[in-house]
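**Student:** Below are the structure tokens for one structure; questions will follow.
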Amino acid sequence: MASRERRSDARNVGMSVPRPLLVAITGATGVIYGVELLRVLRELEQPAHLVMSEAAIMTLSLETAYSLEEVRALASVVYSNKDIGAAVASGSFRTRGMVVAPCSIKSLSSIAHSHSSTLIARAADVTLKERRPLVLMVRETPLHKGHLELMMRAADLGALILPPMPAFYDHPQTLMDVVHQGISRVLDQFDIENGLRPRWAGRSPG
């Protein structure tokens, strides 16, 4: 009886802890989307696990004033992109899904072709096969046919293609307002309320 009670308690404890959201940052421009997503998740007390590509680490130093240590500190758990034996490489490790922010074309190609040579690609493949949400903030312009076909292939597999497209109906005043608008749309895909930007409520009558 005591043994069954302990197992029951363990299940209840597991159910009370939110599953982590896996955040991957690749080397495309727009690394601030991934960094700010981590910061917002931390502020909302939502657990986030992080994996960064080698190119993302270089882009971080080029585009922001954040140090690598500061970004890693925003996550609950950090994995090496080379560690294909990490927890998130297995479908038995339960997450609420995965976001690649930003998503380079190289990473998009690996995901679309199930080429799991890195942890980012492997974790994305696991997310798809387990039917969990996978959001790809693809960042490239202009796009040639090959890029578009990769996005179509990834979408056919179940990924959500969510490029960081700015919206202006809420009258953003700063660059961070634009970043937050994109992050807010990402968090919506995981039903995480955030209040980052005003929601469209329809045109005023009159």
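The values are calculated or read from the model by the stated rules, or taken from the named source; none is laboratory data. Just so we're clear, the structure is a prediction, and the values are computed from it rather than from any experiment. Because the Cβ atoms are built from the backbone with ideal geometry, glycine has one as well, and the counts that use them run over all protein chains shown. Protein only, heavy atoms only, side chains kept; ligands, DNA and RNA dropped before computing areas. Shrake-Rupley method; radii C 1.70, N 1.55, O 1.52, S 1.80 Å.
**Student:** Kindly provide the set of residues from the stretch 75-94 that are open to solvent by 30 Å² or more (accessible area, probe 1.4 Å) and not in a strand (DSSP E or B), ordered by number.
**Tutor:** Hits for the stretch 75-94 are 76, 82, 83, 84, 85, 87, 90, 92, 93, 94.
**Student:** All but one of (1) in contact (Cβ under 8 Å) with a residue 40 or more places away in the chain; (2) among the acidic types (Asp, Glu); (3) closer than 24 Å to residue 142 by Cβ hold for residue 63, so report the exception by its number.
**Tutor:** All conditions pass for residue 63, except number (1).
**Student:** Would you check if residue 203 is touching a residue at least 24 places away in the same chain (Cβ under 8 Å), assigned to a loop (DSSP other than H, G, I, E, B) and surrounded by fewer than 16 Cβ atoms within 10 Å (Cβ to Cβ)?
**Tutor:** On the way: touching a residue at least 24 places away in the same chain (Cβ under 8 Å): no; assigned to a loop (DSSP other than H, G, I, E, B): yes; surrounded by fewer than 16 Cβ atoms within 10 Å (Cβ to Cβ): yes.
Judged against the criteria, residue 203 is not a match.
**Student:** From 68, 38, which residue is under 12 Å from the mean Cα position of the chain (by Cα) and free of Cβ contacts under 8 Å to residues at least 40 places away in the same chain? Steps first, please.
**Tutor:** On the way: 68 fails: under 12 Å from the mean Cα position of the chain (by Cα).
After ruling out the rest, the residue left standing is 38.
**Student:** Considering only the stretch 31-63, state which residues are part of a helix (DSSP H, G or I) and among the acidic types (Asp, Glu). Quick ask: steps written out before the conclusion?
**Tutor:** Filtering the stretch 31-63 for residues part of a helix (DSSP H, G or I) gives 31-43, 54-63.
Within the stretch 31-63, 36, 43, 54, 63 qualify.
**Student:** A further question on this structure: Just one of (1) closer than 27 Å to residue 64 by Cβ; (2) of a type in the set (A, V, I, L, M); (3) in contact with a Ser or Thr (Cβ under 8 Å, 6 or more places away or on another chain) trips up residue 123, so point out which.
**Tutor:** Every condition holds for residue 123 apart from (3).
**Student:** Residue 185 versus (1) touching a helix residue (DSSP H, G or I) at 6+ places or on another chain (Cβ under 9 Å); (2) crowded, with 16+ Cβ neighbours inside 10 Å; (3) of a type in the set (D, E, K, R): which is the lone unmet condition?
**Tutor:** With (1) touching a helix residue (DSSP H, G or I) at 6+ places or on another chain (Cβ under 9 Å); (2) crowded, with 16+ Cβ neighbours inside 10 Å; (3) of a type in the set (D, E, K, R) applied to residue 185, the lone miss is (1).
**Student:** How many residues are open to solvent by 30 Å² or more (accessible area, probe 1.4 Å), part of a loop (DSSP other than H, G, I, E, B) and either in contact with a Cys (Cβ under 9 Å, 6 or more places away or on another chain) or not basic (Lys, Arg) (or both) when one looks only at the stretch 129-171?
**Tutor:** 15
**Student:** Output the residue which, of all residues in the stretch 64-74 that are assigned to a loop (DSSP other than H, G, I, E, B) and of a type outside the set (Val, Ile, Thr), is nearest to residue 18 (Cα to Cα).
**Tutor:** Of all residues in the stretch 64-74, those assigned to a loop (DSSP other than H, G, I, E, B) come to 64-67, 73-74.
Retained after the next criterion (residues that are of a type outside the set (Val, Ile, Thr)): 65-67, 73-74.
Values: 65: 31, 66: 27, 67: 28, 73: 19, 74: 17 Å.
My answer is 74.
**Student:** I'd like the full set of residues that are farther than 17 Å from residue 135 by Cβ and in a helix (DSSP H, G or I), limited to the stretch 172-188. Walk me through how you get there before you give the answer.
**Tutor:** Of all residues in the stretch 172-188, those farther than 17 Å from residue 135 by Cβ come to 172-178.
Those that are farther than 17 Å from residue 135 by Cβ and in a helix (DSSP H, G or I): 175, 176, 177, 178.
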